[in-house]
Amino acid sequence: MQINVSQQLKASIGSIQSYEVNEVIDIAGDGSGSLVQGEVKLTRTDRGILVKGELRTEVEVTCSRCLSPFSCPLTLNIEEEYFPTTDVVSGTSLPTPEEPSCFTIDEHHVLDLAEAIRQYKLLVIPMKPLCREDCAGLCPNCGHNLNLGPCNCPHQETDPRWSKLRKWALASDVLVNEQKGTE
Ligand SMILES: [Zn+2]
Ligand SMILES: [Zn+2]
């Protein structure tokens with residue numbers, strides 16, 4: 001995701017150029033590519049180039065409930081200033097900006113969006129991803145994926161009416177035993 005911004009660096013402060021993004025990049029860092037699409041606006045600032053725009057991508061994540069892998073759509077709202085390391089006119093090296101973790105434009109005036117996309121992805125990726133809102137999860141007993149249907153484990157009633165009935169049944173059992181005891 002490299003953009004040559006030499007023309008943009010020569011432009012006057014405040015000038016804007018749009019750039020269409022439609023590229024597969026390795027945002028997971030594991031060699032698998034994700035398609036990143038959208039549009040960014042490159043604005044010439046007094047210090048460098050401000051990149052602003054909305055990018056859409058998808059990453060493979062694991063559902064926190066049923067542990068199935070699924071594709072999670074992400075929207076990245078990028079807003080980042082890139083600082084040149086070489087003067088575009090004279091070719092001389094420029095002092096590195098004070099911000100330690102800032103993004104830079106390399107000596108060939110190439111601005112690389114990939115690292116920013118990776119960082120923004122980490123910000124928006126859900127901590128507990130769900131394959132769907134009503135994911136049924138796994139049976140705590142046998143581990144069966146309940147999205148695929150019920151398992152063969154004895155059903156645990158969660159209906160309050162049943163639990164009341166069971167309490168009543170237990171109570172009457174106790175009663176019977178007590179009566180037996182007094183005989
Ligand atoms: Zn799930
Ligand atoms: Zn089960």
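The values are calculated or read from the model by the stated rules, or taken from the named source; none is laboratory data. Everything numeric here is computed off the predicted structure, so don't read it as measured data. When we count neighbours, we look across all protein chains shown, and the Cβ atoms used for this are built from the backbone with ideal geometry, even at glycine. Please note that ligands, DNA and RNA were not included when accessible areas were found on the heavy atoms of the full protein model with its side chains. Shrake-Rupley method; radii C 1.70, N 1.55, O 1.52, S 1.80 Å.
Could you give the accessible area per residue of the range 1-139, probe 1.4 Å, as a whole number in Å²?
Values: 8000 Å² over 139 residues.
That works out to 58 Å² per residue.
By what distance, in whole Å, do the Cα atoms of the range 30-101 stretch along each of the three principal axes, largest value first?
Rounded to whole Å, the extents work out to 57, 22, 20 Å.
Give the long-range amide H neighbours of VAL21: residues separated by 5 or more places, or on another chain, with amide H under 5 Å away, using H modelled in the peptide plane at 1.01 Å from N.
GLY38, GLU39, VAL40
Quick check for me: using +1 on Lys/Arg Cβ and -1 on Asp/Glu Cβ, what's the dipole size of the range 1-73 about its Cα centre, in debye to the nearest 20?
Magnitude of the dipole: close to 380 debye.
Run the accessible area of the range 32-135 with a 1.4 Å probe and give the carbon-and-sulfur part as a rounded percent. Don't skip to the answer; put the middle values down first.
Working: 3000 of 5970 Å².
The value for the range 32-135 is 50 percent carbon and sulfur by accessible area.
In units of 2.2 N^0.38 Å, what is the alpha-carbon radius of gyration of the range 42-83? Could you put the intermediate results ahead of the total?
Details: Rg = 16.2 Å, N = 42, 2.2 N^0.38 = 9.1 Å.
For the range 42-83, the normalised Cα radius of gyration is 1.78.
For the range 90-160, compute Rh as the Kirkwood radius over C-alpha pairs and then the Stokes-Einstein diffusion coefficient at 20 °C and 1.002 mPa s; write the answer in µm²/s, rounded to an integer.
Numbers: Rh = 17.9 Å.
Reported coefficient: 120 µm²/s.
log10 I(q)/I(0), Debye, Cα-only the range 1-153, no solvent, q = 0.12 Å⁻¹?
Results for the range 1-153 at q = 0.12 Å⁻¹ read -0.61.
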